[in-house]
Amino acid sequence: MDPKELKFDKNGLIPAILQHVLTREVLMLGYMNSESLQKSIETGHCWFFSRSRARLWEKGESSGHFQVIESIAYDCDKDTLLLQVTPQGPTCHTGTQSCFDGAISTGELSNSSPTLYAALERLQVVVHQRNIERPADSYTTHLFEKGIGQIAKKFGEEGVEVALAAVSEEDDRLVSETADLLYNLTVLFEQREINLEEVGKVLLERAK
């Protein structure tokens with residue numbers, strides 16, 4: 001469809017919802033005008049129009065946490081956009097994966113836990129920070145200083161621990177060992193400069 005057919009409001013804006021392409025989690029809501037939409041299409045990154053600053057801005061221009069566009073859809077009324085994206089870090093300026101991090105109490109529904117993917121993404125951010133800052137009292141720093149050989153060895157050891165726990169331990173022990181395994185996998189990927197998003201893409205492709 002020609003973007004000119006979209007229904008912008010009286011101020012020339014249209015709401016744009018960002019959704020994680022892998023987890024389907026809603027990440028943020030912003031507003032686009034025709035120019036920022038065109039820049040988003042041309043660059044493959046999300047551009048918005050700031051109502052408070054009255055200018056175009058690119059999501060991630062300050063933090064480096066860009067949003068790579070995978071697809072753009074519009075609703076049945078043609079007055080709202082849905083952008084499926086691959087985040088290059090936390091979406092919210094507060095450091096959380098999604099800007100929708102708060103919850104209105106609705107009884108049992110308010111007790112829902114964060115998704116595994118959200119936890120892994122947060123872990124990936126923390127591990128990356130440890131790699132850059134290298135705090136002296138951090139175990140993660142110790143692993144990075146030992147290099148890829150030691151990191152790979154530790155990952156292998158944790159894999160064995162998971163297998164043993166699966167055979168002879170209680171469920172909580174298996175869960176704990178699996179958490180250790182995923183932590184060490186995250187460190188390994190950071191050392192190799194590979195984003196966990198790449199694994200998600202392969203899994204989705206294989207699930208077709």
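The table for this structure:
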quantity: Number of positions in region 1-25 that are among the aliphatic types (A, V, I, L, M) and part of a loop (DSSP other than H, G, I, E, B); calculated: 5
quantity: Positions within region 13-35 being without any contact (Cβ under 8 Å) to a residue 24 or more places away in the chain and farther than 16 Å from Thr91 by Cβ, in sequence order; calculated: Glu35
quantity: Verdict on Asp180 being surrounded by fewer than 13 Cβ atoms within 10 Å (Cβ to Cβ) and farther than 26 Å from Val68 by Cα; calculated: no
quantity: Test set (1) in contact (Cβ under 8 Å) with a residue 12 or more places away in the chain; (2) of a type in the set (Ser, Thr, Tyr); (3) surrounded by fewer than 18 Cβ atoms within 10 Å (Cβ to Cβ) - Ser62 fails condition number; calculated: (1)
quantity: Failed condition for Glu161, given (1) in contact with a Leu (Cβ under 8 Å, 6 or more places away or on another chain); (2) at pLDDT below 95; (3) among the charged types (D, E, K, R); calculated: (2)
quantity: In region 51-84, the residues that are in contact with a helix residue (DSSP H, G or I) (Cβ under 7 Å, 6 or more places away or on another chain) and part of a loop (DSSP other than H, G, I, E, B); calculated: Lys78
quantity: Region 85-104, subset in a loop (DSSP other than H, G, I, E, B) and among the aliphatic types (A, V, I, L, M), residue surrounded by the most Cβ atoms within 10 Å (Cβ to Cβ); calculated: Ala103
quantity: Within region 26-42, considering residues that are in a helix (DSSP H, G or I) and of a type outside the set (Lys, Arg), the one nearest to the chain's Cα centre (by Cα); calculated: Ser40
quantity: Unmet requirement for Leu22, which otherwise passes all of (1) touching a helix residue (DSSP H, G or I) at 6+ places or on another chain (Cβ under 6 Å); (2) modelled with pLDDT of 95 or more; (3) under 28 Å from Val202 (Cα atoms); calculated: (2)
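The values are calculated or read from the model by the stated rules, or taken from the named source; none is laboratory data. Values in this document were obtained by computation on a predicted structure and should not be read as measured data. Neighbour counts run over all protein chains shown; Cβ positions are idealised from the backbone, glycine included.
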